[in-house]
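Novice: Encoded as structure tokens, here's the structure I'll be asking about.
The values are calculated or read from the model by the stated rules, or taken from the named source; none is laboratory data. Just so you know, these numbers come straight off a predicted model, no measurement behind them. Cβ atoms come from the backbone with ideal geometry, glycine included; neighbour counts cover every protein chain shown.
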Amino acid sequence: NLTLQQAENERKKAMNELTAFLKTRKKANLTIVAINVLVFIVFSIIGNTEDAQFMLTHGACFAPLVKEGEVYRLFTAMFLHFGVEHLIGNMLLLIFLGDTLERVVGSVRYLIIYLLGGLGGNVLSCCIALYRKNYAVSAGASGALFAVIGALVYLVLRKRGDVEGISGKRLLLMAALSIAQGFTAAGIDGYAHIGGFLCGMLLSVFVVRCGKKDEKR
């Protein structure tokens, strides 16, 4: 009985800590994370998220189909993941980095960077695939995640310091290592990473300038 009581106390403590942690997260980023997790759970119930054909049927990106007009795949692929490890890896980074970016630029601008940056990453990936005629089914939030990283890098460089406790050196090192891994490890879409990163930087320049105009008004 004592052991059961201790286990119940630990469970309650863990739930309280999780609830407290989630309450401190920014809403837009937390919503994005929740959508990714929910989509993964649903698709895990109805099929195999590690099966390329299943993922293709349910919205993963495939350059020839995008070229034929299924442009929606550039968007839907951002919310699909190949297996639980793929999901956890992206979401753990996003829940912290995305939260940081949203605190700095605000919810609307954060969503603009995340969504348009992710689309930009998928567009570059598809263009390279069509040019090289080397096609693969792709999915994941990493293009959008790299847009967040790119935006944070720009903000750090602009301020010549750190953003919300994240140093420029750490961000640049993490971005460089992650991009390099995208071209050396099997099964990773390196061009989506680069496209997302560059789009994130450019979009960050845009939203910062818009922010200044809003302040002047």
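Novice: Taking only the range 55-88 into account, find how many residues are surrounded by 14 or more Cβ atoms within 10 Å (Cβ to Cβ), under 13 Å from residue 126 (Cβ atoms) and small (Gly, Ala, Ser).
Specialist: Residues that pass the stated criteria total 3.
Novice: Looking at the structure I just gave you, is residue 18 over 21 Å from the mean Cα position of the chain (by Cα) and either modelled with pLDDT under 95 or within 28 Å of residue 127 (Cβ to Cβ) (or both)?
Specialist: yes
Novice: Considering only the range 73-81, I want to know if a residue exists there that is part of a loop (DSSP other than H, G, I, E, B) and at pLDDT 95 or above.
Specialist: Checking the range 73-81: at least one residue is part of a loop (DSSP other than H, G, I, E, B) and at pLDDT 95 or above.
Novice: Can you tell me which residues in the range 32-54 are aliphatic (A, V, I, L, M) and surrounded by fewer than 17 Cβ atoms within 10 Å (Cβ to Cβ)?
Specialist: 34, 35, 37, 38, 41, 42, 45, 46, 52
Novice: Determine whether residue 98 is closer than 17 Å to residue 194 by Cα and buried (at least 20 other Cβ atoms within 10 Å of the Cβ).
Specialist: So residue 98 fails the test.
Novice: Between residues in the range 39-52 that are in contact (Cβ under 8 Å) with a residue 24 or more places away in the chain and farther than 14 Å from residue 85 by Cα and residues that are surrounded by 14 or more Cβ atoms within 10 Å (Cβ to Cβ) and not aliphatic (A, V, I, L, M), which pairs lie under 7 Å by C-beta distance while being six or more apart or on different chains?
Specialist: 39/79; 43/49; 43/58
Novice: Output the residues belonging to the range 117-150 that are surrounded by fewer than 24 Cβ atoms within 10 Å (Cβ to Cβ), in contact with a Leu (Cβ under 7 Å, 6 or more places away or on another chain) and assigned to a helix (DSSP H, G or I).
Specialist: Keep residues of the range 117-150 that are surrounded by fewer than 24 Cβ atoms within 10 Å (Cβ to Cβ), which gives 119, 123-124, 127-137.
Now restrict to residues that are in contact with a Leu (Cβ under 7 Å, 6 or more places away or on another chain): 119, 123, 137.
Listed by number, the residues that qualify are 119, 123.
Novice: Given the condition in a loop (DSSP other than H, G, I, E, B), within 30 Å of residue 131 (Cβ to Cβ) and of a type outside the set (A, V, I, L, M), answer yes or no: does some residue in the range 84-106 qualify?
Specialist: No: zero hits.
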